[in-house]
Structure formats: C-alpha cells, structure tokens
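Student: Here you go, one structure.
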Amino acid sequence: MKRRTLAILLAATMVVGLAGCSSSSSSSDSPTAAADSAETTAETSDSSGDTADADSTTEKVFRYSVSTEPTTLDPTKGNSIGDNEIQHAITEGLVRNTAGEITPGIAETWEISDDGLTYTFHLREDSYWSDGEQITAQDFVYSLQRLMDPDTASPYAFIGEYIKNGLAVETGEMDPSELGVTAEDDFTLVVELENPTSYFLSLIGSSGQFAPLRQDVVEEYGTEFAATADKNVYSGPYKLVSSENNEYIFEPNEYYWDAESINLDRVELSVIDNTDTALAMYEAGDLDYVSVPTAYVESYSDTAICWTNGNVDYLLFNFDCDNEAIQNKNFRLAINYALSRTEYNTLANSGVYDGYVGLVFSGLTVGDSTYGETYDLSSYSYPVDGDQDKAQEYLAAAMEELGVSDASELSVTITITDSESTKKQGEVIQDLLQTALGITVNLEQRTYSEMYSGVLDVGDYEMAFTGWGPDYDDPYTYLELFLGTGNYNYANYNNEEFDELLNASVTETDETARMDMLNQAEQILMEDGAFVPLQQRNAWYLVDDDVTGLNFYFCSVNIDWVYVDIVS
C-alpha cells in the first residue's frame, strides 16, 4: 500500500473557483484517470483486473470511511444514500446499475411490452442467497409487497408507486397481494407499471428497496431483522459479517452468481464523524479512500479528485407555518434576489461548491445532452450574484402588503442541523440576508436525525436548510418534492398548474415534450419563489494509487466499490 506524505494544512484562506470537477458518473482506474472519465462500461466494471504483478498471498482489503451511520440495514426501510450504498454491495436486484451502465443482475434477460407497462424478467437459476438457498421470483414479490405495505411504514415506499396499484397499496386502499408483481414460476417475474417509465431499469438497478428478501428470515427475526450482520442473508456480491462498534466488515459472498468478478477479500467501512480524523487516518495509511473536507480542498488541489455528485442544497419555506411573511410571494422573491450565491459559496464553502439557482441538477441526462445544456437556467431564475435593486423592490412590496414599516420587523427562523459545516453555512446566510435586506434572521439547530424525523416531516419549522440527491436520472425526482400530494412535499407547497404539469408528464410518451413539461414546472417554482436554491455540491476525495475499479454515480449510490481491485 502506498502511503502519502502530504501534511494536513489548517490554513483558513482558500482559493475560490477551483476547477477540474469530472462529470457526475465516473470510474477510477487510477486517481488521475477518474477525474477525466465520463462513464463506466460494463467491461470496466466487470474486469477482474490484472494482478499478475501482485503478491498472490497478499490479502486485498479496501478501507474507507463515512461520517454518519446508516439509518438501517433493512433494504426496505433505507432512506439515505449511505443506506443505499451498503445495500448496493450486499444485495442484488433484477439488474445492476454501475455508474449508469445497466447490466443483468438476478434477471438474466427481460422483455418490455410495446406499451412500456409490463416487464417480464427471466431469473437466472444459478443465483443463491449467502446461505446457499436458491433465489426465486417469489423473493421479489414478497420484498415489493413488504415495501408497499403500510404496516411496514417504509419511509421510501413512494419509490414503489411506479408499480401498478402501488399508491393504492401504500395508502391501504388495496391489499399488498394486489400489487402489480407476479411470480409466474420460480424464475419468471412479471412487473406491471402504472405508466411507462423510461428510467425504470436504472431505478431498480441502483435502489436497494427493489432487492429480494427472504420471507422466512424476515419473519424469524421480526423487528430485529437486519439489526446486526448475522440477522440477515445476502443476495449481493458481498455479505456483511460484522456491524459492531461503528465498523462494517464485508466479505465476498461465495454463493453470488458472478463471484468471479469480485476482486477484494474484505472491505472495512468505518464511521468517523470527525472529518479531520478520517483525513489523518488516510495520511497515516489506515484508509484507502477518504472524502476531503471543503476547508482542505486547496491543500490537496494537486492530488484530490473532484466530481459533481448530483446533490442540490436549498432553503425550504414551510407554506403551512404561522409566519405571514413566508406566505408572501414578494418576500420570498426578495430573499431570492438578495442572496448572492457566489458570495455565499465563497464564505461558507471555501468556493468549493458551485453557487446554483435551480432545483434540478444540471448534469441529468436529456437525450444526448444534459439538463443544464438543454435549458438556460439564467433565462428564468435569479442571478447567481443576486440583484439588490430587484430585492429592494420586492421587499418594499412585501412590507406594504404585510403592513410593516421597518424591515427589521420581518423575522424568519432558519432551522439547520448541528454539524459544523451546516452551522457555518447557516451563519453566512444569516449575515448576508440581514445585511442585504435588514430583516431579522434567527438560526435554530437540531440534530440530523431530528431534522428528518420531527422537523421537516411534521412541518415544525419556518425555513430549513436541506437538499436532495436524485434517486434516478430524471428531473421528476427533484420536482416531485413540491407535488401537492407528494410524500416528500415537506414545504407543504400547492400550485395547481405545477401539479398538472407533473401529472401530465407521467403519461407523456414523447420524451422531448415530457422534458419541456418538467422544465416548465421548474420555472413555476422559480417564479413563485417556492424555495431558495443555494448550491450544487462538488465532492473531493483522495484514493490510493493501487485502488482501481472505484465507481461514482449521482443517482442513489455515490461511491460504488463492488468491483474495486487492489493492484501493485
């Protein structure tokens, strides 16, 4: 293993406008190659690597860290990218999505009906659970019915609403047995959809919620199912052998149908909440991969690799709160025009992220191009540097409508998490808005778990700092956050025209027309000042020279180490 000698610099002054971020899906055959790679082919992902020069007796171990624990090891109940990244390694869906490349999983082949509503999957007969029992179509039926069963209370059940009768089952109007999934025999699974969904294979290939489950194992452990590594069986390339003391140990699943494509002997994932500690461990050679905190990016500008990971951050307004100013469109627009995202990003993130004025990630695929290249955000949103004259015009109109003579009488509270990075971001926003508008901005800190279970989900806030990473490569994954009937409409936003466009897009078969509908919906949000866009995140990381086959993707799975190899 190659050690690094760079020192961790604690300098406070950072260079703004760091360049060189790669596209949002990439693979790493070497650290420098990864920065320029736009996509990963199946051949790259499945390659076992050339280890002829390596010592055959050396154990291949990949060690990395994350800053937060997974919320659950139950694939049905996972609700974060961190949860899903683990599931991507220990489960196998019908297909596998590796950095946007769809390859067969437990389904060896499949057919799609002419109307795009029926998918018939033919399962391979050489796929087994980690205890040697065969995987069958019924394991998928059980898993998907459990996902949509309201008694399961899966926080991500909405992701199964694409399946016929999914919403009706989720809301208790239909029995789970009426969900549109059928096992015609042990190795034939039929999935019926509510509407044609062009990204369905991409979705099920990268979302752990669509993985099979063993009914006997789930029922044996009940509420303790997947609570620890030994209370589960595994369908994926790896099995979890230990989950104690904030360290997760993975070993190859010898029963995995494609076991010969797996190169590592072990993966060690450590939960280290202090990013400085993780960086120091990498420097000492105790980790093979580490994320670089934004404050240290300049120090590693020659060695760190950058990619834009699809996460868009913003301030959310709660349209159901008691603060009359939040309900006032002119006030919301005043905030949006007053805020310079460039200045905010410089002060809050050391210039590492990209100031952004949209909701939909610019790197999503639209035909042969990207969303950002297809639609000119600057033509319908706010200037990235702000517009103080317009901000004052909107503020004056809001004050008149609200009967306020002094801007300082307009007060808002922004709820943020208790992490140091979010605290800094909140303080920068507070200062910029108070300076630009003269309004009063208060900050309220809550823990990360409280934010998503007791704040946003119950509407206990006025404004909140939050964000979203896409579940699939389509604008709908962002826009449905503001759909009036949406499960994740934490803003409690309602706009009839917006809802009509989103609902029409679901059945629109002309892809160009559909994308235009979704873009029109985004324009409505901008015109309404429905939220305050802040930034697109760039992620920076360091990886050992001897690590190959590391993949990155902006949908559901940011880091994908399934096909990693250690070579010398």
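Student: So, in region 100-137, how many residues would count as being open to solvent by 10 Å² or more (accessible area, probe 1.4 Å) and within 28 Å of Ser242 (Cα to Cα)?
Tutor: Residues in region 100-137 being open to solvent by 10 Å² or more (accessible area, probe 1.4 Å) and within 28 Å of Ser242 (Cα to Cα): 8 in total.
Student: Okay, next question. With a cut-off of at least 2 residues that are among the small types (Gly, Ala, Ser), name the strands (runs of 3 or more DSSP E) lying wholly within region 434-549.
Tutor: Working: elements: 440-446, 463-468, 531-543.
Answer list for region 434-549: 463-468.
Student: For region 305-345, which positions are open to solvent by 10 Å² or more (accessible area, probe 1.4 Å) and part of a loop (DSSP other than H, G, I, E, B)?
Tutor: Those that are open to solvent by 10 Å² or more (accessible area, probe 1.4 Å) and part of a loop (DSSP other than H, G, I, E, B): Phe319, Asp320, Cys321, Asp322, Asn323, Asn328, Ser340.
Student: Quickly run through region 191-216 and pick out the residues that are in contact with a Ser or Thr (Cβ under 7 Å, 6 or more places away or on another chain), within 21 Å of Ile112 (Cβ to Cβ) and open to solvent by less than 20 Å² (accessible area, probe 1.4 Å). First the steps, then the outcome.
Tutor: First, the residues of region 191-216 that are in contact with a Ser or Thr (Cβ under 7 Å, 6 or more places away or on another chain): 192, 195-196, 206-209, 211-213.
The next check asks that each one be within 21 Å of Ile112 (Cβ to Cβ); those that pass are 192, 195-196, 206-207, 209, 211-212.
Listed by number, the residues that qualify are Ser206, Ser207, Gln209, Ala211, Pro212.
Student: Do you know which of the residues in region 366-380 that are surrounded by fewer than 19 Cβ atoms within 10 Å (Cβ to Cβ) and in contact (Cβ under 8 Å) with a residue 40 or more places away in the chain is nearest to Asn336 (Cα to Cα)? Steps first, please.
Tutor: Let us first name the residues in region 366-380 that are surrounded by fewer than 19 Cβ atoms within 10 Å (Cβ to Cβ), namely 367-370, 372-374, 376, 378-380.
Within this subset, residues satisfying the condition of being in contact (Cβ under 8 Å) with a residue 40 or more places away in the chain are 367, 374, 380.
Working: Gly367: 31, Thr374: 23, Tyr380: 13 Å.
My answer is Tyr380.
Student: Evaluate the following for Tyr478: is it open to solvent by less than 40 Å² (accessible area, probe 1.4 Å), closer than 19 Å to Ala530 by Cβ and of a type in the set (Ser, Thr, Tyr)? Can you show your working first?
Tutor: Numbers: open to solvent by less than 40 Å² (accessible area, probe 1.4 Å): yes; closer than 19 Å to Ala530 by Cβ: yes; of a type in the set (Ser, Thr, Tyr): yes.
Yes: the conditions hold for Tyr478.
Student: Let me ask another. Could you list, in sequence order, all residues of region 259-268 that are in contact with a Pro (Cβ under 9 Å, 6 or more places away or on another chain) and either hydroxyl-bearing (Ser, Thr, Tyr) or farther than 14 Å from Gly549 by Cβ (or both)?
Tutor: Ala259, Ser261, Asp265, Arg266
Student: If a residue must be under 22 Å from Val506 (Cβ atoms) and outside any helix (DSSP H, G or I), how many such residues does region 132-154 contain?
Tutor: 1
Student: Taking Glu283 as meeting all but one of (1) surrounded by fewer than 20 Cβ atoms within 10 Å (Cβ to Cβ); (2) within 20 Å of the chain's Cα centre (by Cα), write down the number of the exception.
Tutor: With (1) surrounded by fewer than 20 Cβ atoms within 10 Å (Cβ to Cβ); (2) within 20 Å of the chain's Cα centre (by Cα) applied to Glu283, the lone miss is (2).
Student: Take region 234-256 and flag every residue that is of a type in the set (A, V, I, L, M) and crowded, with 23+ Cβ neighbours inside 10 Å. Full working, then the answer.
Tutor: To start, the set of residues in region 234-256 that are of a type in the set (A, V, I, L, M) comprises 240-241, 249.
Listed by number, the list holds a single entry, Leu240.
Student: Is it true that Asp546 is in contact (Cβ under 8 Å) with a residue 24 or more places away in the chain and surrounded by fewer than 21 Cβ atoms within 10 Å (Cβ to Cβ)? Write out each step before concluding.
Tutor: Details: in contact (Cβ under 8 Å) with a residue 24 or more places away in the chain: yes; surrounded by fewer than 21 Cβ atoms within 10 Å (Cβ to Cβ): yes.
The answer is yes for Asp546.
Student: Out of the residues in region 65-79 meeting the condition of being closer than 18 Å to Asp418 by Cβ and either polar (S, T, N, Q) or not in a loop (DSSP other than H, G, I, E, B) (or both), tell me which one is least open to solvent (accessible area, probe 1.4 Å). Reasoning before the result, please.
Tutor: Taking region 65-79 as the starting set, the residues that turn out to be closer than 18 Å to Asp418 by Cβ are 66-69, 71.
From what's left, either polar (S, T, N, Q) or not in a loop (DSSP other than H, G, I, E, B) (or both): 66-68, 71.
Values: Val66: 42, Ser67: 60, Thr68: 85, Thr71: 85 Å².
Per the criteria, the residue is Val66.
Student: Looking at the structure I just gave you, is Ile416 assigned to a helix (DSSP H, G or I) and open to solvent by less than 30 Å² (accessible area, probe 1.4 Å)? Reasoning before the result, please.
Tutor: Details: assigned to a helix (DSSP H, G or I): no; open to solvent by less than 30 Å² (accessible area, probe 1.4 Å): yes.
So Ile416 fails the test.
Student: Right, something else. Restricting attention to region 346-354, does a residue exist that is open to solvent by 10 Å² or more (accessible area, probe 1.4 Å), closer than 24 Å to Leu481 by Cα and not charged (D, E, K, R)?
Tutor: Yes, that holds for at least one residue.
Student: Any residue at all in region 272-279 that is more than 25 Å from the chain's Cα centre (by Cα) and either modelled with pLDDT under 95 or open to solvent by less than 50 Å² (accessible area, probe 1.4 Å) (or both)? First the steps, then the outcome.
Tutor: Filtering region 272-279 for residues more than 25 Å from the chain's Cα centre (by Cα) gives none.
No: zero hits.
Student: Looking only at region 357-386, count how many residues are of a type in the set (Phe, Trp, Tyr), under 24 Å from Gly100 (Cα atoms) and outside any helix (DSSP H, G or I). Reasoning before the result, please.
Tutor: First, pick out the residues of region 357-386 that are of a type in the set (Phe, Trp, Tyr): 361, 371, 375, 380, 382.
From what's left, under 24 Å from Gly100 (Cα atoms): 361, 371, 375.
Narrowing the set further to residues that are outside any helix (DSSP H, G or I) leaves 361, 375.
Adding up the residues that qualify gives 2.
Student: Which fully enclosed strands (runs of 3 or more DSSP E) of region 180-289 have 2 or more residues being farther than 17 Å from Gln145 by Cα, touching a helix residue (DSSP H, G or I) at 6+ places or on another chain (Cβ under 8 Å) and touching a residue at least 12 places away in the same chain (Cβ under 8 Å)?
Tutor: Values: elements: 181-185, 188-192, 238-242, 247-252, 266-271.
Result: 238-242, 247-252, 266-271.
Student: Please work out which residue is farthest from Tyr375 (Cα to Cα), limiting yourself to region 550-563 and to residues that are β-branched (Val, Ile, Thr) and either in contact with an Asp or Glu (Cβ under 8 Å, 6 or more places away or on another chain) or not in a loop (DSSP other than H, G, I, E, B) (or both). Lay out the reasoning, then the answer.
Tutor: Step one: of region 550-563, the residues β-branched (Val, Ile, Thr) are 557, 559, 562.
Imposing the further condition that a residue be either in contact with an Asp or Glu (Cβ under 8 Å, 6 or more places away or on another chain) or not in a loop (DSSP other than H, G, I, E, B) (or both) reduces the set to 557, 559.
On the way: Val557: 26, Ile559: 28 Å.
Among them, the one singled out is Ile559.
Student: Follow-up question, since we're still on this one. Every residue in region 148-164 that is within 19 Å of the chain's Cα centre (by Cα), within 17 Å of Tyr119 (Cβ to Cβ) and not charged (D, E, K, R), please.
Tutor: Narrowing region 148-164 to residues within 19 Å of the chain's Cα centre (by Cα): 154-162.
Adding the requirement that they be within 17 Å of Tyr119 (Cβ to Cβ) leaves 159-162.
Matches in region 148-164: Ile159, Gly160, Tyr162.
Student: So is Ser143 over 28 Å from the mean Cα position of the chain (by Cα), hydroxyl-bearing (Ser, Thr, Tyr), on the phi < 0 side of the Ramachandran plot and crowded, with 22+ Cβ neighbours inside 10 Å or not?
Tutor: Spelling it out, it is not the case that Ser143 is over 28 Å from the mean Cα position of the chain (by Cα), hydroxyl-bearing (Ser, Thr, Tyr), on the phi < 0 side of the Ramachandran plot and crowded, with 22+ Cβ neighbours inside 10 Å.
Student: Suppose the filter is over 27 Å from Met451 (Cα atoms), out of contact with any strand residue (DSSP E or B) (no Cβ under 9 Å at 6 or more places or on another chain), surrounded by fewer than 20 Cβ atoms within 10 Å (Cβ to Cβ) and of a type outside the set (Phe, Trp, Tyr); does Asp302 pass it? Please lay out each step first, then the result.
Tutor: Details: over 27 Å from Met451 (Cα atoms): yes; out of contact with any strand residue (DSSP E or B) (no Cβ under 9 Å at 6 or more places or on another chain): yes; surrounded by fewer than 20 Cβ atoms within 10 Å (Cβ to Cβ): yes; of a type outside the set (Phe, Trp, Tyr): yes.
In short, yes.
The values are calculated or read from the model by the stated rules, or taken from the named source; none is laboratory data. Here the structure is a predicted model, which is why all the values come from computation and not from measurement. Here the Cβ is made from the backbone with ideal geometry for all residues, glycine too, and neighbour counts use every protein chain on show. Only protein heavy atoms, including side chains, enter the accessible area calculation; ligands, DNA and RNA are left aside. Shrake-Rupley method; radii C 1.70, N 1.55, O 1.52, S 1.80 Å.
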